[in-house]
Amino acid sequence: MPTKTAIITGATSGIGRAAALKFAANDWQLVVTGRRAEKLQSLQNEIKDKYNVPVLTLAQDIRLHESGDQLKKLFLEKLIKPDLLINNAGLAVGLSPLHESETADWERMIDTNIKGLLYVSKSISSLMVEQGFGHIINIGSIAGKEAYPGGNVYCATKHAVDGLTNAMRMDLLPYGIRVSLVAPGAVETEFSLVRFKGDQQKAKNVYKGYKPLTAEDIADALWYVANVPAHVNINDLLIMPTAQASAMLFNKQSSI
Ligand code: NDP
Ligand code: 8X3
């Protein structure tokens with residue numbers, strides 16, 4: 001019997017996928033979401049083959065108002081309780097100065113990184129309040145701690161995640177529900193491919209000359225944050241590659 005249940009949004013690639021594998025390897029039951037149904041299916045198959053723990057998949061676009069309630073319905077129907085929500089789904093689109101950027105790109109980032117996170121958090125935290133336990137981990141970013149040129153709207157959305165994490169922790173304090181932020185620096189995933197709209201060369205260049213974090217590094221951190229004793233909460237964990245000192249400052253001659 002699995003010990004606990006985690007919901008991981010954006011589990012079709014990168015950090016979310018690595019986190020799903022990490023928690024499944026440690027006997028957690030999972031509910032995983034993302035838009036690409038075929039990727040959710042292959043994650044489900046891999047977890048069943050390797051770890052034999054139950055995995056429910058929900059293919060959904062987190063930007064839709066009903067995304068949170070769809071997830072909540074699944075929990076009520078299956079009679080399972082969420083121990084942990086990892087609000088991971090997110091993206092950057094574009095890296096242009098504000099006056100040259102596309103308003104459609106702003107909408108995608110704001111709707112996914114802020115509004116999607118809010119829809120899911122509202123629905124799942126209401127279940128956690130009713131059941132009297134739970135933990136929410138939001139994935140922030142170094143971009144939520146400092147701005148950088150061309151980062152404008154992406155940085156604003158991750159600053160919003162930072163602020164929301166603090167506010168949610170206050171709202172959920174009376175119910176003993178923990179709220180944490182895990183904020184990574186550069187992690188090599190599909191992130192840059194999405195940011196540069198499929199331009200493989202531009203995406204590769206982001207990680208050239210140094211060793212970026214891997215999705216598994218962040219999955220390990222998520223595992224740690226989720227498994228500290230019940231009286232401990234990790235409020236805010238900023239994790240950087242050794243070769244990255246700030247959003248813009250890299251040692252690109254680094255051997256590590
Ligand atoms: P990936 O692009 O590899 O993964 C992003 C995930 O988000 C995918 O599973 C994608 O699923 C999901 N997603 C995107 N849009 C939506 C949507 N509208 N509805 C549902 N799911 C969606 O990138 P990462 O793993 O790197 O990103 C994960 C999180 O980490 C993001 O919040 C990102 O901002 C953050 N982050 C990343 C860093 C990095 O350097 N990589 C550094 C700091 C933070 P699908 O496309 O199937 O919908
Ligand atoms: C992703 C990291 O520095 O590209 O959140 O914004 S960065």
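The values are calculated or read from the model by the stated rules, or taken from the named source; none is laboratory data. Predicted model only: the values in this text are computed from it and were never measured. Don't worry about glycine lacking a Cβ; one is built from the backbone with ideal geometry, like all the others, and counts go over all protein chains shown. We work out accessible area using only protein heavy atoms, side chains counted, and drop any ligands, DNA or RNA first. Shrake-Rupley method; radii C 1.70, N 1.55, O 1.52, S 1.80 Å.
When you count, for each residue, the other Cβ atoms within 10 Å and take the mean per peptide, how do 10-22, 40-52 rank with the highest first?
Ranking, from highest mean packing down: 10-22, 40-52.
Highest first, please rank the peptides 183-193, 83-93 by the mean number of other Cβ atoms sitting within 10 Å of their residues. Numbers along the way, then the final one.
Details: 183-193: 20.4, 83-93: 24.1.
So the order, starting with the most tightly packed, is 83-93, 183-193.
With a cut-off of 8 Å between alpha carbons and a minimum separation of six or more residues, what is the relative contact order of the chain in percent?
19
For Tyr175 paired with Thr3, estimate the spin-label separation in nm (one decimal), with each label point 7 Å from Cα along the Cα-to-Cβ line.
2.4
Whenever you get a sec, compute what percent of the accessible area on the chain sits on carbon and sulfur atoms (1.4 Å probe).
Accessible surface attributable to carbon and sulfur in the chain totals 55 percent.
Grab the DSSP H runs of the chain that are 4 residues or longer, score each as -39,500 (n - 2.57), total them, divide by all residues and round the 222 nm result to the nearest 500 deg cm²/dmol. Present the calculation step by step, with values, prior to reporting the outcome.
Details: 9 runs with 106 residues, N = 256.
For the chain, the value works out to -13000 deg cm²/dmol.
Of all the Cα-Cα pairs you can form in the chain, what percent are over 31 Å apart?
20
For a 22 Å ceiling on Cα separation, which of these pairs sit above it: Lys115/Lys204; Lys39/Lys158; Lys39/Lys197; Lys145/Lys202; Lys73/Lys115; Lys115/Lys158? Could the numbers behind the result be given before it?
Values: Lys115/Lys204 29 Å; Lys39/Lys158 26 Å; Lys39/Lys197 19 Å; Lys145/Lys202 24 Å; Lys73/Lys115 19 Å; Lys115/Lys158 12 Å.
Over 22 Å Cα-Cα: Lys115/Lys204; Lys39/Lys158; Lys145/Lys202.
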